[in-house]
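Input: a single structure, listed below in structure tokens.
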Amino acid sequence: MTAAGFVWDPRVATHVYRDDHPLKPKRLIGVHDTLERLGAFARPDARVLTPRTATRTEIERIHDSDYVDAVMQASRDPGGDYTEWGLSAWGDTPPFAGMHEVSLLTTGGTLTAMEEVISGRLRVAFNGSGGLHHAMRRNASGFCIYDDPAIACGLLADRGMKVAYVDIDAHHGDGVQAAFYETDQVLTISLHQYGMIPELRRPFFPGTGAANERGRGRGAGYSINVALPPYTDGAAYQRAFDAVVPPLLERYRPDVLVTQQGIDSHYEDPLTHLMVSSQAREHVVKQFAASKWPWVAMGGGGYSMDAVRRVWSMEFLIMLGAPIPAELHDADPPEWTGDRRAQVDAAVDAAIAGALGAAWT
Ligand SMILES: [Zn+2]
């Protein structure tokens with residue numbers, strides 16, 4: 001069965017964090033409209049899914065009740081002071097009116113996708129408004145309010161399933177890693193930019209995600225970090241993915257695959273320094289599609305409106321097993337040569353060795 005679900009509701013594509021904020025939920029309209037124009041939703045295996053609202057109990061699978069109360073208060077009165085909860089007007093994650101309600105819907109979309117996949121009604125379902133992987137138990141972080149990937153993984157684990165979470169956003173999936181750091185029931189694998197940004201002389205957000213963060217206790221070896229250097233190009237990224245992800249998934253043998261597909265790793269993205277191409281993403285996402293496990297897919301970061309539109313459209317077509325029109329691909333993606341090629345390859349080799357060396361045996 002190849003049926004694929006696309007979670008869609010205009011209500012998750014119209015809220016505004018702040019006028020100058022890089023995360024623009026309206027980016028999803030471009031994905032939806034491109035897929036519609038290409039006839040994707042008219043294909044017999046395509047389903048458009050309406051997100052449900054997450055319940056408070058589901059949110060509290062990961063978040064403290066006090067934090068949910070604070071978000072509800074900020075949602076009603078965004079002018080207050082919520083800095084202790086990671087929300088600040090000029091920070092990464094500003095309070096805004098209605099933030100609680102829309103976050104219940106972005107999380108609920110991931111849970112709708114999860115239920116359709118677990119029931120066997122669909123092979124895969126994609127919630128582009130989800131993938132908010134930085135939110136922590138008691139604080140918002142990095143544009144993320146409720147951690148829908150962690151909530152979904154937690155609820156799947158509660159059903160006794162072994163969960164493999166693979167995060168291909170440019171940033172470390174720190175909130176999800178933290179939630180499952182001491183358990184072997186959720187394997188987290190994150191490929192991300194790591195370390196100092198040379199020209200800015202500051203570490204890349206969120207600063208975690210070194211290979212030696214490998215889990216603790218029963219979870220030792222089940223948090224895997226592929227800490228890539230800035231300016232990793234598509235060829236090197238693809239090599240790192242192939243060396244780490246398929247072998248560890250085969251070794252782990254999950255019951256369900258959960259992916260966070262942030263596209264801020266793309267070379268056009270204004271917030272990051274990875275140089276992933278649409279071609280490299282096609283390679284990676286086709287491997288998820290070729291796997292045999294039920295697959296819950298989410299969006300994540302992505303701050304180039306055009307890269308988001310093209311690549312997530314392409315990725316849903318891959319989920320459908322549909323052909324990919326050339327217009328969705330990068331025309332001329334960058335690729336290193338010469339000394340720079342050798343430098344990037346050596347640093348990526350070290351990232352691969354670190355990740356594989358950290359894994360359980
Ligand atoms: Zn990101």
Rounded to two decimals, what is Rg over Rh for the chain when you use alpha-carbon atoms and the Kirkwood radius?
-> 0.94
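List the trypsin sites (Lys or Arg not before Pro) in region 57-157 that DSSP assigns to loop (not H, G, I, E or B) and whose Cβ has at most 15 other Cβ atoms within 10 Å. Which are they?
Sites meeting the loop and neighbour criteria: Arg121, Arg137, Arg138.
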All alpha-carbon distances of region 36-119, grouped into 5 Å bins from 0, give the whole-percent distribution 3, 13, 18, 18, 15, 11, 8, 8, 5, 1
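Using a cut-off of 15 Å between beta-carbons, work out the net charge of the residues near Arg309 (Lys and Arg +1, Asp and Glu -1, Arg309 not included).
-3
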Applying 1/(1 + (r/R0)^6) with R0 = 51 Å to the Cβ-Cβ distance of Arg121 and Asp81, what FRET efficiency is obtained, to the nearest 0.05?
-> 0.70
Karplus (6.51, -1.76, 1.60) ³J(HN,Hα), θ = phi - 60°, over region 2-9, in Hz, Gly and Pro reported as x | 10, 4, 10, x, 10, 6, 8, 7
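Tell me the per residue accessible area of the chain using a 1.4 Å probe; a whole number in Å² is fine.
So the chain comes to 37 Å² accessible per residue, rounded to a whole number.
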Search the structure for amide H atoms under 5 Å from the amide H of Asp167, placed 1.01 Å from N in the peptide plane, and list their residues when 5 or more places away or on another chain.
-> Ile189, Ser190, Leu191, Gln260
Go through region 199-204 residue by residue and turn each phi into a ³J(HN,Hα) via Karplus (6.51, -1.76, 1.60, θ = phi - 60°); whole Hz please, and just put x for glycine and proline.
-> 6, 9, 6, 9, x, 6
Could you give me the ³J(HN,Hα) list for region 17-31, computed from phi with Karplus coefficients 6.51, -1.76, 1.60 and θ = phi - 60°, whole Hz, x at Gly and Pro?
-> 5, 5, 4, 9, 7, x, 7, 10, x, 5, 4, 5, 5, x, 5
Distance (nanometres) between label positions extended 7 Å along Cα→Cβ at Lys286 and Gln73 | 5.2
Inter-probe distance in nm under a simple model that places probes 7 Å from Cα toward Cβ, at Arg340 and Asp33 = 3.4
P(r) tail fraction, region 1-44 - alpha-carbon pairs more than 15 Å apart, % | 52
Gyration tensor (Cα) of region 96-234, equivalent ellipsoid semi-axes in angstrom = 25, 19, 14
Within the chain, the percent of DSSP beta bridges that are antiparallel, given to the nearest 5, stands at 10
Lys286 accessible area, 1.4 Å probe, all protein chains in place, Å² to nearest 10 | 100
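The values are calculated or read from the model by the stated rules, or taken from the named source; none is laboratory data. Computed from a predicted structure; not experimentally measured. Don't worry about glycine lacking a Cβ; one is built from the backbone with ideal geometry, like all the others, and counts go over all protein chains shown. These accessible areas exclude ligands, DNA and RNA; they are computed on the full protein's heavy atoms, side chains included. Shrake-Rupley method; radii C 1.70, N 1.55, O 1.52, S 1.80 Å.
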